[in-house]
Amino acid sequence: SERMDFIQAAAKQENVAENLFFIGSDYMEVEFQTKFDLILSIGVLEWIGAFRADGEVEEIQAAFLAKTKTDLGSDGRLVIGIENRLGLKYLLGAKDDHIGIPDIACHAKDLAKKKYKHATDKELRCLTYSIAEYEKMLKNAGYVETQFYVALPDYKLPEKIFPIEGNKCKMNDFILNGGWIDEHDGTNGKLLANQEKLKSLYHSLAEMNLVHYFAPSFYIEVS
């Protein structure tokens, strides 16, 4: 209810409240009587399993994506904003944005679940993935076209957005030409202390045209 109040206040401030409908409900339980041109899932997919206990996290995420496909019209698009579990900052020990613990969520799901259970004695209900894993999930949900964009320093407050075209991305050129945007701890917004180490490794990856696979987060546009 507090989030709903905030969204309504923001909409009123932007003078768009009259054009919006506000629904406070579990999306998975709402049956819409129309199809949509666009669905935005910004910072949502990773959390789906944390609010439902009726299956494995990855199964619930798959059901969510399948529902978005059903709710879209024939020319509709889904836009996702989400972290990359292989983001370089996470591989170097930055805390995960969702669980606040390093060296867990960056691993493949089975190991991540095992490590989280060992560290907290709780079940890991929040999962992020790599580019290849997102592609597979979206294909299984029935989507045909997938376009990835790198978001720096993350999708929540992007300063730079680079499309990934095939296996090419201008983020590599950006890094090789001395471009840099400081990265931060996603749990508190503070700058990470290892910027020089990140720069060095990003540069090495960019020389091999690989840096986009280790970006902190993505936008994904699918249809």
Diffusion coefficient, µm² s⁻¹, Stokes-Einstein with Kirkwood Rh over alpha-carbon pairs of the stretch 110-223 at 25 °C and 0.890 mPa s: 156 µm²/s
Mean Cα-pair separation over length for the chain, i.e. relative contact order, pairs under 8 Å, 6 or more apart, %: 23 percent
Derived scalar couplings ³J(HN,Hα) [the stretch 10-21; Karplus, 6.51 cos²θ - 1.76 cosθ + 1.60; whole Hz; x for Gly, Pro]: 5, 5, 5, 4, 8, 6, 10, 4, 5, 9, 10, 10
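Any chance you could run the full-extension gain for Tyr27 through Ser204? It's 0.36 nm times the residue separation minus the Cα-Cα distance, nm to one decimal.
Numbers: separation 177, 0.36 × 177 = 63.72 nm, distance 4.24 nm.
Computed gain between Tyr27 and Ser204 is 59.5 nm.
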Relative contact order for the stretch 74-205, counting Cα pairs under 8 Å that sit 6 or more residues apart, in percent: 21 percent
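Per DSSP H run of at least 4 residues, take -39500 (n - 2.57); add these up for the chain, divide by its residues and hand me the 222 nm value, nearest 500 deg cm²/dmol.
Values: 7 runs with 73 residues, N = 223.
About -9500 deg cm²/dmol.
For the chain, which longest stretch is free of loop sites, where a loop site is one of the trypsin sites (Lys or Arg not before Pro) that DSSP puts outside H, G, I, E and B and that has at most 11 other Cβ atoms within 10 Å?
Values: sites that count: Lys122, Lys190.
The segment 1-121 is the longest one with no such site.
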Inter-label distance, nm, simple model (7 Å from Cα along the C-beta direction), Asn194/Leu91: 1.1 nm
With DNA, RNA and ligands ignored, accessible area of Ser223 (1.4 Å probe; Å², nearest 10): 30 Å²
Global geometry of the stretch 133-196, whether rounded, prolate or oblate, following the gyration tensor of its Cα atoms and the 1.5 cut on a/c: oblate
Candidate aspartates and glutamates for bridging to Lys69, where Cα separation is under 14 Å - those fewer than 8 sequence places away on the same chain excluded: Glu31, Asp37, Glu145, Glu221
q = 0.25, 0.28 Å⁻¹, the stretch 161-220: log10 I(q)/I(0) [Debye, one scatterer per Cα]: -1.10, -1.26
Whole-Hz ³J(HN,Hα) from phi, Karplus 6.51 cos²θ - 1.76 cosθ + 1.60, for the stretch 174-186, glycine and proline x: 4, 5, 5, 8, x, x, 7, 10, 4, 9, 9, 6, x
Semi-axis lengths, Å, the chain, gyration tensor of Cα atoms, sqrt of 5 times eigenvalues: 29, 21, 19
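Loop sites only, by DSSP: take the GluC sites (Glu not before Pro) in the chain that have at most 10 other C-beta atoms within 10 Å and name the longest stretch containing none of them.
Details: sites that count: Glu14, Glu31, Glu145, Glu159.
Answer from the scan: 32-144.
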The stretch 172-223 - percent relative contact order, Cα under 8 Å, separation 6 or more: 38 percent
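Roughly how many debye, to the nearest 20, is the charge dipole of the chain about its Cα centre, given +1 on each Lys and Arg Cβ, -1 on each Asp and Glu Cβ, and no other charges? Don't skip to the answer; put the middle values down first.
On the way: 26 positive and 35 negative charges, 108 e Å.
Its charge dipole is roughly 520 debye.
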Projected label distance in nm at Asp182 and Glu123, using a 7 Å step from Cα toward the beta-carbon: 4.1 nm
Of Lys113/Lys160; Lys35/Lys168; Lys67/Lys113; Lys109/Lys170; Lys115/Lys170; Lys67/Lys109, those spanning more than 27 Å from alpha-carbon to alpha-carbon: Lys113/Lys160; Lys35/Lys168; Lys109/Lys170; Lys115/Lys170
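Counting Lys +1, Arg +1, Asp -1, Glu -1, what net charge surrounds His118 among other residues with beta carbon under 14 Å of its beta carbon?
Details: positive: Lys113, Lys114, Lys115, Lys117, Lys122; negative: Asp103, Asp110, Asp121, Glu123.
In short, +1.
The values are calculated or read from the model by the stated rules, or taken from the named source; none is laboratory data. The model shown is predicted, which means the values in this text are computed figures rather than measured ones. Don't worry about glycine lacking a Cβ; one is built from the backbone with ideal geometry, like all the others, and counts go over all protein chains shown. Accessible surface areas use protein heavy atoms only, side chains included; no ligands, DNA or RNA. Shrake-Rupley method; radii C 1.70, N 1.55, O 1.52, S 1.80 Å.
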